[in-house]
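S.K.: For reference, the structure I am asking about is given below.
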Amino acid sequence: MNKYFKTLNINGLGPLTQEDFIELNKICSKVLSNKSSSKKNRCFICKKQNKPYCNSHTIPQFILKNIAKNGELLTTQIFNKTPFSKPISGLNNTQTFHKICTDCDKKTFKDYENPDAYDKIPSQNILKQIALKSYISRSYKHQKELKLGYYAKNNIQQNADYLRLVQLEYELNVCNYNYQSNNKKANFVLKNINNDEVLFKIQYFKTLDYVVPYALQSHFIILFDFNDEPLANTFDISDINAKDDIILCIFPLKTKSIIIAFDYLGNSLYDNFFTTLNTLTLDEQLSIINYLVFLYCEDIYFNNNIDDKIKKDENLIKFANSQQKVGAKSFDVLFLSEKKYEEERLKEILNSHNINNYKTIPNLLGKKYAINARCL
Ligand SMILES: [Zn+2]
């Protein structure tokens, strides 16, 4: 581990040497398993204390099983030239979190964890359950990042690197904002989980008659539409609308796959985007959705047989490694004046998030990349 803790940089590249890789993973497991600093177990759903946490899966395990090989999946670290962790994930650890008691985990999500639920368009209950799980899972992820960030801040050598400290402080703020905001959103959905209130509307639903090679359940905001016009605000954290999320699921099932995209009822931000998307050919629709996945999401889980050519695809590598800088002031432009800075930043982000570049990466949702069940 170098003295600047650059390898604990949430936005940066991973360790450059094998030695640093081992050291980083040692530190992470030490910091994250530090029980003395963790509060008493309090279930996020029933709010009862001292109940053991369940090993909750974000993407239901029955879905992950459809693409796992020998109980294992690959993570996006396969695209990272300097990975933070091993690119293989066992079924029992894939996007799991510990914030809910076993009773609540069993009871609250039973509609969407039922494989028979996907023969028809998902019900409002299923959408609420997906959203709740995604928000709690993301809050857990940021909670872990905060722990690591504070550890780095407390252990970084004072005066070693002033800029690194400032940057770390900034990352901690963004992380803390994301942690709080996911908690708030989770509590909002939780309040309505068992009532008849309609919270969400489906923007896209498609059943494919083949099994796609990756699974995903994530929420994000789409920055630009097909005409390069900005959609959601990401420049000013204090002004981000919590209801700007689009929630996207790619669920490979036994013999078919389901794609669901939904957002909040009353939020019209993405209506035109999805109206346009729905007028395109199926191949183009899938290609654009696949592009959104790589552009905006980190937690993508792949079937082990994924082609080596895909792993080496330069554009996929670039997207998988780039982080969405929500409200972030990129360090190299920090000292520009505000107006100049915003212009520069808009140009830079439009360039890197232009939806019309969707053809530059292989469309892994296309039939060509379908999993042959006999190979599993
Ligand atoms: Zn509970």
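S.K.: Just one of the numbered conditions (1) more than 16 Å from the ligand (Cβ to nearest atom); (2) in contact (Cβ under 8 Å) with a residue 24 or more places away in the chain; (3) among the aliphatic types (A, V, I, L, M) is not true of Leu132; which one?
M.R.: (1)
S.K.: Which one of Asn183, Asn176 is closer than 20 Å to Asp299 by Cα, out of contact with any Lys or Arg (no Cβ under 8 Å at 6 or more places or on another chain) and in contact (Cβ under 8 Å) with a residue 40 or more places away in the chain?
M.R.: From the options Asn183, Asn176, the qualifying one is Asn183.
S.K.: Here is a follow-up. Can you pull out every residue in segment 60-78 that is touching a helix residue (DSSP H, G or I) at 6+ places or on another chain (Cβ under 6 Å), modelled with pLDDT of 95 or more and more than 10 Å from Asn303 (Cα to Cα)?
M.R.: Correct list: Phe62, Gly71.
S.K.: Do we have any residue at all in segment 329-344 that's at pLDDT 90 or above, in a helix (DSSP H, G or I) and either under 22 Å from Asp228 (Cβ atoms) or charged (D, E, K, R) (or both)?
M.R.: no
S.K.: So, one more: Which one is farthest from Asn66 (Cα to Cα) among residues in segment 86-97 that are more than 16 Å from the chain's Cα centre (by Cα) and surrounded by fewer than 16 Cβ atoms within 10 Å (Cβ to Cβ)?
M.R.: Among those residues, the one meeting the criterion is Lys86.
S.K.: Only residues in segment 340-353 that are among the polar types (S, T, N, Q) count as the first member; pair them with residues that are surrounded by 14 or more Cβ atoms within 10 Å (Cβ to Cβ), Cβ under 7 angstrom, at least 6 apart or cross-chain, and list the lot.
M.R.: Taking only residues 6 or more apart or on different chains, the pairs are Ser352/Ser322.
S.K.: A further question follows. Can you find a residue that is in contact with a helix residue (DSSP H, G or I) (Cβ under 6 Å, 6 or more places away or on another chain), in a helix (DSSP H, G or I), more than 30 Å from Gln95 (Cα to Cα) and at pLDDT below 90 anywhere in segment 279-302?
M.R.: Taking every residue of segment 279-302 in turn, none turns out to be in contact with a helix residue (DSSP H, G or I) (Cβ under 6 Å, 6 or more places away or on another chain), in a helix (DSSP H, G or I), more than 30 Å from Gln95 (Cα to Cα) and at pLDDT below 90.
S.K.: Condition check: modelled with pLDDT under 95 and within 16 Å of the ligand (Cβ to nearest atom). Does Lys35 satisfy that?
M.R.: no
S.K.: Return only the number of the condition from (1) assigned to a loop (DSSP other than H, G, I, E, B); (2) more than 16 Å from the ligand (Cβ to nearest atom); (3) buried (at least 20 other Cβ atoms within 10 Å of the Cβ) that Lys81 does not satisfy.
M.R.: (3)
S.K.: Any idea which of Thr276, Thr255 is assigned to a helix (DSSP H, G or I) and either farther than 27 Å from Lys141 by Cα or more than 21 Å from the chain's Cα centre (by Cα) (or both)?
M.R.: Exactly one of Thr276, Thr255 is assigned to a helix (DSSP H, G or I) and either farther than 27 Å from Lys141 by Cα or more than 21 Å from the chain's Cα centre (by Cα) (or both), namely Thr276.
S.K.: Exactly one of these conditions fails for Thr108: (1) in contact (Cβ under 8 Å) with a residue 12 or more places away in the chain; (2) closer than 22 Å to Val198 by Cα; (3) more than 16 Å from the ligand (Cβ to nearest atom). Give me its number.
M.R.: With (1) in contact (Cβ under 8 Å) with a residue 12 or more places away in the chain; (2) closer than 22 Å to Val198 by Cα; (3) more than 16 Å from the ligand (Cβ to nearest atom) applied to Thr108, the lone miss is (3).
S.K.: Among the residues of segment 109-127, which ones are in a helix (DSSP H, G or I), under 20 Å from Lys201 (Cα atoms) and out of contact with any Asp or Glu (no Cβ under 9 Å at 6 or more places or on another chain)?
M.R.: Tyr118, Asp119, Leu127
S.K.: Phe21 is checked against (1) in contact with a Pro (Cβ under 6 Å, 6 or more places away or on another chain); (2) within 16 Å of the ligand (Cβ to nearest atom) and fails just one. What number does that condition carry?
M.R.: (2)
S.K.: Please verify whether segment 84-97 includes one or more residues that are within 16 Å of the ligand (Cβ to nearest atom) and of a type outside the set (Ser, Thr, Tyr).
M.R.: yes
S.K.: Which one of Asn155, Asn114, Asn125 is at pLDDT 95 or above, more than 16 Å from the ligand (Cβ to nearest atom) and surrounded by fewer than 19 Cβ atoms within 10 Å (Cβ to Cβ)?
M.R.: When all the criteria are applied, what remains is Asn125.
S.K.: Output the number of the condition that Ile67 fails; it satisfies all remaining conditions of (1) of a type outside the set (Asp, Glu); (2) crowded, with 20+ Cβ neighbours inside 10 Å; (3) under 17 Å from the mean Cα position of the chain (by Cα).
M.R.: (3)
S.K.: What's the number of the only condition in (1) buried (at least 16 other Cβ atoms within 10 Å of the Cβ); (2) at pLDDT 90 or above that Thr102 fails to meet?
M.R.: It fails just one condition, (1).
The values are calculated or read from the model by the stated rules, or taken from the named source; none is laboratory data. Just so it is clear, the model here is predicted, and its values are computed rather than measured. Positions of Cβ are backbone-derived with ideal geometry, glycine not excepted, and every protein chain shown enters the neighbour counts.
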